[in-house]
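Notes follow once the structure below has been shown.
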Amino acid sequence: HSVGIIGAPFSKGQSRDGVQLGPDLIRAAGLVEKLKGQGCTVKDYGNLTFEEVAKDETTGRAKRPRAVGQANKQLSEAVRKIKSEGHACVMLGGDHSLAIGSIHGHAACGTQLSVVWVDAHADINTPLTTPTGNIHGQPMSYLIHELRSKIPVMPNFSWLKPCIAAEDVVYIGLRDVDPEEQVKKPIHLSYDIDALDPSLAPATGTPVVGGLTYREGIYITEHICQTGLLSAVDMVEVNPKRGGTDNGVRSTVDAAVDLLLGCFGRVREGSHSADYKIP
Ligand SMILES: N[C@@H](CCCCC(O)O)C(=O)O
Ligand SMILES: [Mn+2]
Ligand SMILES: [Mn+2]
Ligand SMILES: [Mn+2]
């Protein structure tokens with residue numbers, strides 16, 4: 001696997017401070033070294049920097065639209081570049097509104113994508129239906145053709161055109177991905193850490209009980225890796241200010257790293273080199 005990493009330290013798709021710290025936490029836990037350790041080549045493109053946006057009043061019910069639109073325009077360009085340079089793209093969030101730019105930039109490569117959305121939430125509210133106004137609960141509504149007429153004109157969103165067909169999205173109920181769901185399109189995996197149970201991944205903005213066990217979370221990444229179709233993955237919503245204790249943060253960040261390693265070939269029996277000789 002050849003992997004390109006882009007960090008998106010962005011939090012304005014929701015209201016809890018801290019999620020912008022996710023990218024560097026995940027790097028500090030050894031993502032690059034561990035990917036290399038399992039045979040990947042890795043290019044780290046660093047973190048995007050996002051300008052502060054003054055006066056960003058709500059549009060419809062969507063909060064902070066200018067900041068979210070601008071950040072995702074930058075992210076889309078960065079992801080498109082990483083894909084054009086031949087890597088599988090790893091986008092480290094930041095909140096889940098970043099899937100807008102990540103998937104848009106991935107789709108700009110020309111191939112029609114399938115999206116595997118692993119999440120405790122559907123993230124498909126529109127700016128007019130959202131109960132909270134937080135755009136991290138809306139990304140899918142901007143991306144699929146079928147909801148185009150439901151999206152009002154939003155400041156800093158004019159660059160965005162829907163790029164996914166609804167039938168190419170699968171929301172995993174986190175148990176298994178059926179064979180017929182293995183559509184022959186490059187896969188964009190959008191992984192929200194809050195899909196995992198809060199007992200394992202408490203450091204996130206919108207925890208919900210009854211989430212995935214570690215094994216279930218990893219199983220999905222192993223299964224998708226085996227398809228050979230994984231072309232880009234988002235790992236979002238790690239928020240160290242929400243984990244309560246230090247080891248809650250540690251557990252969350254380590255799970256995020258392990259999930260990404262599972263996407264790129266780590267197997268449970270250990271990634272030992274095939275030519276190992278018993279001394
Ligand atoms: N459905 C809620 C909660 C969304 C949580 C977003 C997360 O999954 O990225 C909302 O729309 O605000
Ligand atoms: Mn989400
Ligand atoms: Mn979620
Ligand atoms: Mn979330």
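Brief remarks on what is shown
- Any hit, the range 250-259, residues being more than 17 Å from residue 3 (Cβ to Cβ), more than 15 Å from ligand 1 (Cβ to nearest atom), of a type in the set (Gly, Ala, Ser) and open to solvent by less than 10 Å² (accessible area, probe 1.4 Å): yes
- Contact map, the range 186-201: first residue over 23 Å from residue 88 (Cα atoms) and part of a loop (DSSP other than H, G, I, E, B), second residue hydroxyl-bearing (Ser, Thr, Tyr) and within 13 Å of ligand 1 (Cβ to nearest atom), Cβ cut-off under 9 Å, separation 6 or more or different chains; pairs are 198/204.
- Count - residues of the range 223-246 that are surrounded by fewer than 17 Cβ atoms within 10 Å (Cβ to Cβ) and touching a helix residue (DSSP H, G or I) at 6+ places or on another chain (Cβ under 8 Å): 1
- Within the option set 212, 229, being among the aliphatic types (A, V, I, L, M) and modelled with pLDDT under 95 holds for one residue only, 229.
- Hits in the range 33-53 - residues which are surrounded by 12 or more Cβ atoms within 10 Å (Cβ to Cβ), touching a strand residue (DSSP E or B) at 6+ places or on another chain (Cβ under 8 Å) and among the β-branched types (Val, Ile, Thr): 42
- Residue match in the range 100-110 (condition: part of a loop (DSSP other than H, G, I, E, B), within 10 Å of ligand 1 (Cβ to nearest atom) and closer than 30 Å to residue 54 by Cα): no
- A search for C-beta distances below 7 Å between a residue of the range 129-141 that is touching a residue at least 40 places away in the same chain (Cβ under 8 Å) and closer than 18 Å to residue 57 by Cβ and any residue that is assigned to a loop (DSSP other than H, G, I, E, B) and within 6 Å of ligand 1 (Cβ to nearest atom), counting only pairs 6+ apart in sequence or on different chains, returns 138/123; 138/125; 138/130.
- Candidate set from the range 54-66 (those that are modelled with pLDDT of 95 or more and open to solvent by 10 Å² or more (accessible area, probe 1.4 Å)); member that is nearest to residue 21 (Cα to Cα): 64
The values are calculated or read from the model by the stated rules, or taken from the named source; none is laboratory data. Bear in mind the structure is a predicted one, so any value in this text is a computation, not a measurement. With ideal geometry, Cβ positions are generated from the backbone for all residues, glycine too; neighbour counts draw on all protein chains shown. Just so you know, the surface numbers come from the protein's heavy atoms only, side chains and all, with ligands and any DNA or RNA stripped out. Shrake-Rupley method; radii C 1.70, N 1.55, O 1.52, S 1.80 Å.
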